[in-house]
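Taking it in order: structure first as structure tokens, then the write-up.
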Amino acid sequence: MRRTSYEQMNCSIASALEVVGEPWTLLIVRDAFYGVRRFDEFQENLGIARNVLTARLKKLVEAGVFRKSVYRQRPLRHEYRLTDKGAALFTVIVGLKQWGDRHGEAARGGKPMDLVDYRDGRPLEPVLIDAGSGQRLELTNVRAVAGAGGRPGHAGLFRTSGPHPAAALGGRL
């Protein structure tokens, strides 16, 4: 049986999936990072059915990932802009891109896109860094441990005491 809601799970990942876990949703967010703002542009770029796109955009607006604003009165037309909450998904998009580059279908044919500094076009490679020491972390140096209020079998991303190994994207994006 397919799960239709993650609301009852006490898990940060499940909570995030409640907002962005439906098919097409992260591709819509990805296109917003590319500068797509209008319904017809999303629909054309993605080849997504109009009813599916309508439902996903409505949910993303309700969740506060996008804000809807009028760009024309007659006929009434809206555009969709990422909010701060939506912009915070950048690290998720970059992480999925990096995973796909290394392990997905795109890895066979080369990288389909590169991240570049918008000011000078210099290629960027986001890395995981320790927020305390500023040192680069490899995934082998990071482990999931139970967080505050965590239950057995549910991992948190940070320790509950001692040095805080918070990770952030390095580089200027």
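The values are calculated or read from the model by the stated rules, or taken from the named source; none is laboratory data. All values derive from a computational prediction rather than experimental measurement. Glycine gets a Cβ as well: all are built from the backbone with ideal geometry, and neighbour counts include every protein chain shown.
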Give the residue, chosen from 70, 52, 20, that is surrounded by 17 or more Cβ atoms within 10 Å (Cβ to Cβ) and among the aliphatic types (A, V, I, L, M).
20
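Please specify each residue of the range 8-42 satisfying the condition of being of a type in the set (D, E, K, R) and over 19 Å from the mean Cα position of the chain (by Cα).
Keep residues of the range 8-42 that are of a type in the set (D, E, K, R), which gives 18, 22, 30-31, 37-38, 40-41.
Once the filter is applied, which keeps residues that are of a type in the set (D, E, K, R) and over 19 Å from the mean Cα position of the chain (by Cα), the range 8-42 yields 38, 40, 41.
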Kindly indicate the residue of the range 1-35 that is of a type in the set (Asp, Glu) and not in a helix (DSSP H, G or I) and also modelled with the highest pLDDT among those meeting that condition.
22
Any residue in the range 111-122 that's at pLDDT 70 or above: show its pairings with residues that are of a type in the set (Val, Ile, Thr) at Cβ separation under 9 Å, as long as the two are six or more apart or on different chains.
115/94; 122/116
Within the range 125-139, residues at pLDDT below 75 and in a strand (DSSP E or B) come out as 128, 129, 130
Answer yes or no as to whether residue 40 is part of a helix (DSSP H, G or I), among the acidic types (Asp, Glu) and surrounded by 15 or more Cβ atoms within 10 Å (Cβ to Cβ).
no
Does residue 57 fit the bill of being modelled with pLDDT of 80 or more and more than 14 Å from residue 33 (Cβ to Cβ)?
yes
Can you go through 83, 54 and tell me which one is under 17 Å from the mean Cα position of the chain (by Cα) and of a type in the set (Ser, Thr, Tyr)?
83
